[in-house]
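Please treat every number below as a calculation from the coordinates, not as lab data. A quick note: this is a predicted structure, and the numbers were derived from the prediction, not measured. Cβ: placed from backbone, ideal geometry, glycine included. Neighbour counts: every protein chain shown.
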Amino acid sequence: SIASADMDLNQLEAFLTAQTKKQGGITSDQAAVIAKFWKNHRTQIHESLVSQSRWDHALKNMNWRVDLKSQLRHVDQINTPVAIVEMELGKNGQ
């Protein structure tokens, strides 16, 4: 939760305080260790998560369109917009 939200120090303190008060949560000693670790390694953890979550390095091409349904079995579904997106991803220079 801390890493995915990329919490600053105020958010971290509030989050860890809530976790120590929660039944079955963490102890204050564990909260102190987590806070110290996050303060020392926040940048590296964030960069690692960003690099792992990227599909690739570049968007090579993108096509999109919006379709409207004009005939359906149920009247309430007519004129419902549907977006279709096509993305081509690739590495830079390839």
query: If the cut-off is 20 Å between C-alpha atoms, which lysines fall inside it for K21, apart from same-chain ones fewer than 8 positions away?
result: K36
Proximal lysines to K60, defined as alpha-carbon separation beneath 18 angstrom and excluding residues fewer than eight positions away on the same chain: K91
message: Can you list residues from other chains, or at least 5 along the same chain, whose modelled amide H is less than 5 Å from the amide H of L89?
response: K60
query: In degrees between 0 and 90, to the nearest 10, how far off the longest principal axis of the chain does helix 9-21 point, with axes built from Cα atoms?
result: 70 degrees
- line: Helix 28-53 sits off the longest principal axis of the Cα atoms of the chain, rounded to the nearest 10 on a 0 to 90 degree scale, by 30 degrees
- line: The answer for I26, listing residues at least 5 apart or on another chain whose modeled amide H is closer than 5 Å to its amide H, is T20
- request: Place the peptides 85-91, 6-12 in order of packing, highest mean first, counting for every residue the other Cβ atoms within 10 Å and averaging per peptide.
  value: 6-12, 85-91
message: For the chain, what does the helix formula give at 222 nm: sum of -39500 (n - 2.57) over DSSP H segments with n ≥ 4, over the residue count, nearest 500 deg cm²/dmol?
response: -15000 deg cm²/dmol
Convex hull (Cα only) mean projected area of the stretch 9-53, reported in nm² to one decimal: 3.6 nm²
message: Which of rounded, prolate or oblate describes the chain when judged by the alpha-carbon gyration tensor and an a/c cut-off of 1.5?
response: oblate
